[in-house]
Amino acid sequence: MPSLLCRRALCLSLVASLLTVTGVPSAYGQLWWRRRAAVRVEAPTQRLDVGRLALAVHERTNAERVRARLQPLEWSPALATVAEQHSRDMAVRKYFSHQTKGLVRGQSFGERLRAAGIAGRRLAENIALLPVRMVAVEGPGEAPPQWAPDYDAMAREALRMWMRSAGHRRNILDGQLDSLGVGCWVGERSGLPYVYMTQNFGDLR
């Protein structure tokens with residue numbers, strides 16, 4: 001029989017090996033991980049409306065600008081289209097970067113925007129990655145609650161992260177910018193649903 005000391009040493013060795021294999025991924029670039037807060041929902045869920053989420057992010061962005069006594073950003077369908085394409089590309093190809101890896105390979109956000117015919121003297125981009133947030137919604141009568149996407153919570157979280165980062169905050173509060181397009185897409189990280197968000201800014205008026 002192994003001694004108590006040997007058994008303890010074996011247990012510690014197994015725990016150390018497990019932590020090495022399943023450690024939390026390291027942060028890189030502007031990748032925002034909220035793994036611990038992500039909830040695996042087994043009940044049937046409503047499909048996330050990426051257009052509705054994009055509008056919620058736009059509204060929250062303008063709320064920050066108004067708080068800073070700046071003019072709200074006008075919604076730009078052209079910027080939103082490029083933003084959604086980039087979010088979708090990141091979700092499908094499982095990367096997180098301003099440098100696209102699929103739609104316009106190896107090009108920056110400025111080159112993507114200009115390739116789409118957007119000619120602003122001043123262009124900027126923010127990206128974010130966070131878990132899909134769900135909220136329980138009461139069903140009719142005695143029906144059990146249903147899970148639905150919490151659009152406002154996700155928009156608030158994205159703006160909170162961006163406003164805590166000097167570069168992202170500078171884009172949101174840039175008084176020389178007048179237009180914004182937001183694009184979102186749902187992907188997966190370690191079996192959990194994550195939403196990719198892209199904000200594209202310009203001076204288009």
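The values are calculated or read from the model by the stated rules, or taken from the named source; none is laboratory data. In this text the structure is predicted, and so the values were computed from the model without any measurement. Don't worry about glycine lacking a Cβ; one is built from the backbone with ideal geometry, like all the others, and counts go over all protein chains shown.
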*Selected residue (criterion: nearest to the chain's Cα centre (by Cα)) from residues of the stretch 147-190 that are of a type in the set (Val, Ile, Thr) and surrounded by 19 or more Cβ atoms within 10 Å (Cβ to Cβ)*: Val182
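Residue-wise test of (1) over 23 Å from Lys94 (Cα atoms); (2) charged (D, E, K, R); (3) in contact (Cβ under 8 Å) with a residue 60 or more places away in the chain.
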{"position": "Asp152", "(1), (2), (3)": "yes, yes, yes"}
{"position": "Arg156", "(1), (2), (3)": "yes, yes, yes"}
{"position": "Arg160", "(1), (2), (3)": "yes, yes, no"}
{"position": "Ala166", "(1), (2), (3)": "yes, no, no"}
{"position": "Asp178", "(1), (2), (3)": "yes, yes, yes"}
{"position": "Trp185", "(1), (2), (3)": "no, no, yes"}
{"position": "Pro193", "(1), (2), (3)": "no, no, yes"}
*Considering only the stretch 147-174, state which residues are more than 13 Å from Ala56 (Cβ to Cβ) and part of a helix (DSSP H, G or I).*
Arg160, Met161, Trp162, Met163, Ala166, Gly167, His168, Arg169, Arg170, Asn171, Ile172
*For Leu103: the one exception among (1) over 16 Å from Met154 (Cβ atoms); (2) at pLDDT 95 or above; (3) aliphatic (A, V, I, L, M)*: (2)
